[in-house]
Amino acid sequence: MEENSTVSVFSEAATISALSTDDAASNPESAEHEVGRKKVHDYCATLSLSLLTKERERELNRTVEYPEEEFYSKLDSKLKTCTSYIKKLKVLSESQKETLEKDFQGLNLTRYVSEATQAIAEAKLKLSDVQTALDVSTLFHRRYSEFSSAMLDSWKRVLPSQKGDPFTNPSKLRVDLKLFPEQILLSLLPSKPALQLLFGTLQILFDSDREDRALFALINNFAKNFAFEFMGIHPKKIHQLALQHEASTNLPPAFTSVLSADMQTSFRGLFSKYFDTLVKQVEMENQRLRDLEQAHHRLLTSRGEVPQEKLDKYEEHVATFTKLHTNLQGLADSLNKDMPVLKPKAEVEDVRETIEILTVDFGDRAGLAPVWNDEDDRDFYENLPDLKATMPSMAYKDSLKEATESTSQIQTTEDTLALLDAALEADDSSEDTNQSIQPEDLDEPVQPAPVPTSTETPSKEKERVVERKKPLLKKPVIKSKGKEMADLLDTLYEGNEDGEDEPAVLVEDDQESVTSVMRQILDAFLASLLKVSSKEAVDKLAVDFTTNLNRRHYRKKLVQALYNVPRTRADLLPLYSRLVAILNPVMPDVGTELSDAIRRQFRWLVRRQDPLRLESKLRNVRFMAELTKFGVFPRAQCLVCLKILLNNFKHHNVEMACTLLESAGRFLYWSTDSHPRMIVLLDELLRRKALRLFDARIEYMIENAYLSCCTPETAGRRTASNKIIKVRTPMQMFIRKIFLEDLNKSELTETDTLMGLARRLPWDDPEVFEYGVRYLTAAWNINYASISALANILAGLANYQDDVAVRVVDNVLDDIRTHLELNNAKYNQRRLAMVRYLGEMYNYRLVDSSVIFNTLFSLILFGWVGDLPTSLDPPQHLLRLRLVCILLNTCGRYFNHGLSRKKLDSFLALFQRYFWLKREDPVWNDRAPFPMPIVHLVEDAILNARKDIKLAKSLEEAESAVQKLTEKLQAKVNIDSLNKSLTVEESAGSTAEGEDDSSETSSRTGSEPDLTILEQPDLPAEEKEPDPLNQEDIDFMAAFEKLASESFQTHAQSKVPMFKSAIPSAVKEQLDREGPGGAEDEDVATVRVGLMTKKGAKQHHIRFMEMPEEADYVSHWKATEEHENKERREMMRLTLDMSHRQEREEYEELVGSVTRSVPVPRGPDIRTAVRPPHQAGYGQRGSYGRRY
């Protein structure tokens, strides 16, 4: 009954398939519609066939009749044999299937059933071995009745039984969850207890996989394999396709005789509950990602950058979420569930500007990063005289020893940046909480922070103040901006500037150490400071002070004079700042003390808010800005001062902030380290301007200050497309100029100049080496017509820098291979350039012909399985035809002799076949015909490489040409194989003395390549295998070879030594006198032989006799003489060949030394000119340059 039901299901699916095919024929639909219908049909047919097969196996396993006892007694039940079989079961694999089934038929394993089941359950199988395990289990089940219960007990011991059990081997558990359900479906186990065990195991897995989801892959794999058998669920994709084609009622029903409807409902409920918990976790992870993105956006807005540790944490969350979401999609498809709708990523308008300053001259940087207004400004602020280089060390060594604050300055700058970032982040948090800044908060009076009084050292006091004030900067809500400003001032600066008197630089008079003459010199120097008006005068004053007044007391006097500059002399501030910048390398205390004095004055002026000291305030911020541009005043502290002014943006603070921006805003905005924070501060400036009502003068001042930092022209030109300018050193810019700008503009006559510049580069420097190789490889970055010039430069450079050429050739070959695997259309122009570059490398003798042929064959064979294309080279993609044509047009005409000619003929035959496979593919039809420009391109390339070739007119002609080539090569390969086997047999039967000679001869012969055979592994030639020999023939051949070998060894050992002696003079005279003679009977061919004898002390005696030529002795003598003459001629030939080869090498070395300095392209005239006359036609290369 059950089998008939399954058969009806299968027949119904077939009927539905036929009907759907008829409908498609009568009502043609779109291609996509037909593909979807075909998928549904294939799924129904496959599933129905699987159900039918399993139902038949179940019926056989249920109705099995076990053998009688007499049957078991006839089988082998030895302990050794049975235990050996059990050991094989423990290492069960697919390759052992036939052996296990054959051994099983002759064994009696009645006493070893439990051990066999335990071995099957504990075996470390692969997924491919599951079917073998099922077949072995079926054999046991149909012979031994106790197998089912024993197998179930073994599974209970192997599978996890409680929630806390560790999962030490997830890969084995994955296979177990494949094998165990299959045994249940085939009725190899008791149905009810086995299903209960499976249900409990899955429940344990679900309960254990709540947090890290380490077992999710196992659960997803089970749902994918057994969703229909255990839950009656079709995949979601198939179900949707069936609904689209109105075939949902035609899907096979959830029918199986093992599981009841209630049991299927239980399994569905178990998986549905797990799916719901997984959906909640995915939604939580998605919300966490959105929160992190918002936090990063706040940091990006407030600080200008996101810390690296936060970015790394975000990437980890993204990877976890992606993996979880992908697995959820697979489980949803298996369970026919809908995916949850997740909150999308917020679209945030990125208004950031990214800038990096190039380290080149001003002329190249003016249009990219306008730090300075013009060339004069740049020269004033950057070109400073170096006193260390012009002054003796005795003039400034004392001042350098007294400078002790250089190490602490770095830490102070880092602390300042940290405090500034904390203040910016606090402002951002305040905006998120309060939504906006209320105007009344801006008018709140400033509350000075209490000044700590302590007897601790300044460093300890500063540490205590910083620890006390940092929490105030991190409060999320700060209502009093004046209080925040005071806290920031107290945290950043030390001292008490809350008094009535303005801070000043006080210097005590040292009457004892200062003479009247030095006092006069000092007074004159300080008086000249007020009269200075040019940078040349400032440079002279710096030299004079270093030479005559470099003492601690005089330096303090100088700081005091610079600090007390008249408030109306704003023109002196840039000149004073330049003087301090010049003295700072040799007198660091001057810049440090002046900066501290300006900071203290700034603090006092901000706290006092005196309406009558506007000029002093403006002088203070101008001086600070000028020192910042010279690098004396730290940029971080200047930004903090600007932040303080913006926090209390009213009264004189507005004019101070605008003056600071007008003086140093452009410098801070276009500097790399201060650019992100400057963007945030400028945004805050505009925001505070919009919150308050200023008069027209103040509004114009604020707008002017903002536009002085980033004008609309420069900001739009630099940041409209978020373009990032990379940082390059002068050497890198020079390399780019050679291989990009000059090479694109150069002509053929200018290539030698560029080659000379390339040779002068410091290639020993690893950075220069890598950067140069990078641009020598990037042939796609230059004009297509300049690729030949680039190869020419590389060829000239190869004579002096071997490693450069090797690296470039490797990179080019790797690039070609990589893009064969990628097959991305956006790299098409790059691929064309690289193939042309490879061909030019062959023309300039940088690579051998074997490299070119390997590339050609890979272009037409890579990505094809037989005659079927793959996604790596679809039929509609014709780029590879262009690549082959470019390579043939570049260097194909030079393969016109020797082995390279035969290789090219073979390739052209295969290429024509490849071309016709593309052209006659069904994808090309009347609506979309094959492009004729490609046809003309291919024909021109083939005729250019071989003018006398016959072009194939169809695919059949191309196939015929390839078949003829294959048969020719196959016959040659078979002949060589026969000769090789005969040579092996002769060498095996040679004597011990002759074995050495034969081995040397065979090794020498084997080392010489046979130029008549094309050594091309990619040719589709099929070798003919010899007829198989039976066992009797093999035994006979082995015995015969053994007998022949023993016979040869016996004859070699019993060899009779030859008698060798010189012919006496008397015998020679007798021989000459009587002559060789001959036979009187002309009909009988004879040979006259002299026999020399001697007895005792008597003289030699010779006796002549006539012997027929057919005699064995005469034949052997003639063969020996002929062999000796042949060896003599062979030795003469080898000696002459060696002499010719030495002459050729000397000639090529001479020609190479003459023409090596200027490599020229390969051409017919070169190939005939550089070869000696007696070597015409030798080999296929004839090159004299280096080969890689």
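The values are calculated or read from the model by the stated rules, or taken from the named source; none is laboratory data. Because the structure is a prediction, the values reported are computed rather than measured. Here the Cβ positions follow ideal geometry from the backbone for every residue, glycine too, while neighbour counts run over all protein chains shown.
Computed values, structure above
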{"item": "Filtered residues of segment 663-705 (kept if farther than 18 Å from Lys629 by Cα and among the hydroxyl-bearing types (Ser, Thr, Tyr))", "result": "Tyr700"}
{"item": "Any chance Leu205 is aliphatic (A, V, I, L, M) and either in a helix (DSSP H, G or I) or in contact (Cβ under 8 Å) with a residue 60 or more places away in the chain (or both)", "result": "yes"}
{"item": "Residues being assigned to a loop (DSSP other than H, G, I, E, B) and surrounded by fewer than 20 Cβ atoms within 10 Å (Cβ to Cβ) - total across segment 840-856", "result": "1"}
{"item": "Scan of segment 210-245 for residues that are acidic (Asp, Glu) and closer than 19 Å to Ser266 by Cα, ordered by number", "result": "Glu229"}
{"item": "Meets criteria (out of contact with any His (no Cβ under 8 Å at 6 or more places or on another chain) and surrounded by fewer than 18 Cβ atoms within 10 Å (Cβ to Cβ)) for Arg774", "result": "yes"}
{"item": "Filter pass, Leu605 being under 21 Å from Phe667 (Cβ atoms) and either modelled with pLDDT under 85 or out of contact with any Pro (no Cβ under 9 Å at 6 or more places or on another chain) (or both)", "result": "no"}
{"item": "Flag if Thr1093 is surrounded by fewer than 11 Cβ atoms within 10 Å (Cβ to Cβ), among the hydroxyl-bearing types (Ser, Thr, Tyr) and either in the same structural domain as Asn843 (by TED's automatic domain parsing) or modelled with pLDDT of 50 or more (or both)", "result": "yes"}
{"item": "Pro574 within 22 Å of Thr628 (Cα to Cα), surrounded by fewer than 16 Cβ atoms within 10 Å (Cβ to Cβ) and of a type outside the set (Val, Ile, Thr)", "result": "no"}
{"item": "Residues that are out of contact with any Ser or Thr (no Cβ under 7 Å at 6 or more places or on another chain), assigned to a helix (DSSP H, G or I) and within 13 Å of Arg635 (Cα to Cα), drawn from segment 668-682", "result": "Tyr669, Trp670, His675, Pro676, Arg677, Met678"}
{"item": "Members of segment 857-891 that are assigned to a helix (DSSP H, G or I) and farther than 19 Å from Val962 by Cβ", "result": "Leu879, Arg882, Leu883, Cys885, Ile886, Leu887, Asn889, Thr890, Cys891"}
{"item": "Count of segment 62-107 residues which are in a helix (DSSP H, G or I) and under 23 Å from Ser128 (Cβ atoms)", "result": "17"}
{"item": "Any hit, segment 548-563, residues being in contact with a His (Cβ under 8 Å, 6 or more places away or on another chain), at pLDDT below 85 and either assigned by TED's automatic domain parsing to the domain that holds Phe525 or farther than 23 Å from Lys388 by Cβ (or both)", "result": "no"}
{"item": "Restricting segment 742-768 to residues that are among the acidic types (Asp, Glu) and surrounded by fewer than 12 Cβ atoms within 10 Å (Cβ to Cβ), the residue that is modelled with the lowest pLDDT", "result": "Glu747"}
{"item": "Any hit, segment 86-97, residues being surrounded by fewer than 13 Cβ atoms within 10 Å (Cβ to Cβ) and either more than 53 Å from the chain's Cα centre (by Cα) or not assigned by TED's automatic domain parsing to the domain that holds Asn169 (or both)", "result": "no"}
{"item": "Test for Leu910: is it touching a residue at least 60 places away in the same chain (Cβ under 8 Å) and not in a loop (DSSP other than H, G, I, E, B)", "result": "yes"}
{"item": "Counted residues, segment 577-622 - those being surrounded by fewer than 19 Cβ atoms within 10 Å (Cβ to Cβ) and not in a helix (DSSP H, G or I)", "result": "6"}
{"item": "Hits in segment 135-171 (condition: exposed (fewer than 15 other Cβ atoms within 10 Å of the Cβ) and not in a helix (DSSP H, G or I))", "result": "Ser145, Glu146, Ser161, Gln162, Lys163, Gly164, Asp165, Pro166, Thr168, Asn169"}
{"item": "Residue tally, condition at negative phi and either surrounded by fewer than 20 Cβ atoms within 10 Å (Cβ to Cβ) or not hydrophobic (A, V, I, L, M, F, W, C) (or both), over segment 647-666", "result": "11"}
{"item": "First in segment 914-936 and within 13 Å of Lys953 (Cα to Cα) and modelled with pLDDT of 90 or more, second anywhere and among the small types (Gly, Ala, Ser) and assigned to a helix (DSSP H, G or I), Cβ under 8 Å, 6 or more apart", "result": "Phe915/Ala958; Trp916/Ala958"}
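The rows are residues; the columns are (1) at pLDDT 85 or above; (2) over 20 Å from Ser84 (Cβ atoms); (3) among the charged types (D, E, K, R); (4) within 48 Å of the chain's Cα centre (by Cα).
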site: Thr110; (1), (2), (3), (4): no, no, no, no
site: Ala116; (1), (2), (3), (4): yes, no, no, no
site: Ile120; (1), (2), (3), (4): yes, no, no, yes
site: Thr132; (1), (2), (3), (4): yes, no, no, yes
site: Ser145; (1), (2), (3), (4): no, yes, no, no
site: Asp153; (1), (2), (3), (4): yes, yes, yes, no
site: Pro160; (1), (2), (3), (4): no, yes, no, yes
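Listed here are the residues, each with its yes/no results for (1) among the acidic types (Asp, Glu); (2) farther than 29 Å from Ala791 by Cβ; (3) surrounded by fewer than 19 Cβ atoms within 10 Å (Cβ to Cβ); (4) not assigned by TED's automatic domain parsing to the domain that holds Gln970.
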| residue | (1), (2), (3), (4) |
| --- | --- |
| Gln876 | no, yes, yes, no |
| His897 | no, no, yes, no |
| Arg901 | no, no, yes, no |
| Phe915 | no, no, no, no |
| Asp921 | yes, yes, yes, no |
| Arg927 | no, yes, yes, no |
| Asn944 | no, no, yes, no |
| Lys947 | no, no, yes, no |
| Ser954 | no, yes, yes, no |
